[in-house]
Amino acid sequence: MNKERAYNRNLAKYKVRMISQANLALDDDVGSGDITTQALIRDVARLEDAVIIAKATGILCGLQEAEAVLEEGGLDFKGYKKEGDVIKKGEVIAKVRGNVKEIVMRERTALDYLQVLSGIATATHHLARRFPGRVAGLRKTHPGLCYSEKRAIQAGGGFSHRLGLYDGFLIKDNHLAAIIRELYGDDDATEEKKIMAIREALKRAKEYRLSHNLEDCFIEVEVESLAQALVAAKIHRVEGVPDMILLDNMTPQNVTQCVKAIRREAGEGILIESSGGVTSKNIRAYVEAGVDIVSTSQITLAAKPLDISMKIIGYK
């Protein structure tokens, strides 16, 4: 399975879902009404122009959601940048024209999306430009923002990885623990039993994929030792699965050892991923260990929102 097929997803088909989520976010903010605006602005028909301005340099994302939130209120939105563009401090990203009440009521939700998603795109860009084609996100996203945040990762030059539980098999430690309990009862999960659980899990995943016509879904197994990695590689050579091996929470030294063993046993046809504890400070060591992909939650959960503001023209 090639890297593009395994780690990149077509997010365009989820646009309606992303916009729907953005409008839910607006509903959360507005609630029963914007009482400040209702109290202060008496000229209900007044039109105003506003600009959305970058207050820091970074990679732009979130235009799709911001535009939807603003236009749903009857506002005219004119973008001067597109998603994935580099934006510099002081640059105008877009202009908005329409009813002043709608502008101030919708401003915060639109900016929240632009700031959060641009922050993720920027954090991803910082890693992806250093290690092109080697950085991916995880399912560790903020609840309700999965698709939007995965799009931000792509805008920053990273791979989206699987979007959810439905588009890829990822056999994790808790799956293996459940199989060990099923097969052996309450006994301790020894290394030997973990290896047996990996064998059984891959057998079941392969059968399920075939019987449910899920050939486009990859099968990946998480391993935590050289012995487990080697067994997974041997099964791949014989059975064609797993498509990917995830080296979880290992040191770069252990990853290097596992990569060499996997390649000797399974060749170049299997993808190797490293995850767990990866940061901008240590990612180079994992890339140089020879993995195909390094996945990290740092680009989503630890990304600093990019400073972006909206100002009514003429008021500074």
Anything in region 136-158 that is surrounded by fewer than 24 Cβ atoms within 10 Å (Cβ to Cβ) and part of a loop (DSSP other than H, G, I, E, B)? List them, or say none. LEU138, ARG139, LYS140, THR141, HIS142, PRO143, GLY144, LEU145, GLY157
If you take the residues in region 239-255 that are hydrophobic (A, V, I, L, M, F, W, C) and part of a loop (DSSP other than H, G, I, E, B), which one is surrounded by the fewest Cβ atoms within 10 Å (Cβ to Cβ)? VAL241
Hits in region 39-65 (condition: under 18 Å from ILE153 (Cβ atoms), aliphatic (A, V, I, L, M) and not in a strand (DSSP E or B)): LEU60, LEU63
Within region 123-130, can one find any residue that is assigned to a helix (DSSP H, G or I), under 22 Å from GLY33 (Cβ atoms) and without any contact (Cβ under 8 Å) to a residue 60 or more places away in the chain? no
What are the pairs, 6+ residues apart or on separate chains, where a residue within region 214-236 that is in the same structural domain as ALA266 (by TED's automatic domain parsing) has its Cβ under 9 Å from a residue that is in a strand (DSSP E or B) and of a type in the set (S, T, N, Q)? GLU222/SER275
In region 206-237, how many residues are touching a Pro at 6+ places or on another chain (Cβ under 8 Å) and assigned to a helix (DSSP H, G or I)? 3
Hey, LYS82 hits all of (1) modelled with pLDDT of 95 or more; (2) touching a strand residue (DSSP E or B) at 6+ places or on another chain (Cβ under 9 Å); (3) farther than 18 Å from LEU145 by Cα but one; which does it fall short on? (2)
For region 58-78, does any single residue satisfy the condition of being loosely packed, with under 11 Cβ neighbours inside 10 Å, under 20 Å from LEU111 (Cβ atoms) and polar (S, T, N, Q)? no
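Out of region 277-316, which residues are of a type in the set (Phe, Trp, Tyr) and under 30 Å from ARG263 (Cβ atoms)? Give the steps one after another, and end with the answer.
Of the residues in region 277-316, the ones of a type in the set (Phe, Trp, Tyr) are 286, 315.
Passing the criteria: only TYR286.
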Total residues in region 218-227, condition touching a strand residue (DSSP E or B) at 6+ places or on another chain (Cβ under 8 Å) and either surrounded by 20 or more Cβ atoms within 10 Å (Cβ to Cβ) or among the polar types (S, T, N, Q) (or both): 6
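The values are calculated or read from the model by the stated rules, or taken from the named source; none is laboratory data. What you are looking at is a predicted structure, and each value in this text was computed from that prediction instead of being measured. Cβ: placed from backbone, ideal geometry, glycine included. Neighbour counts: every protein chain shown.
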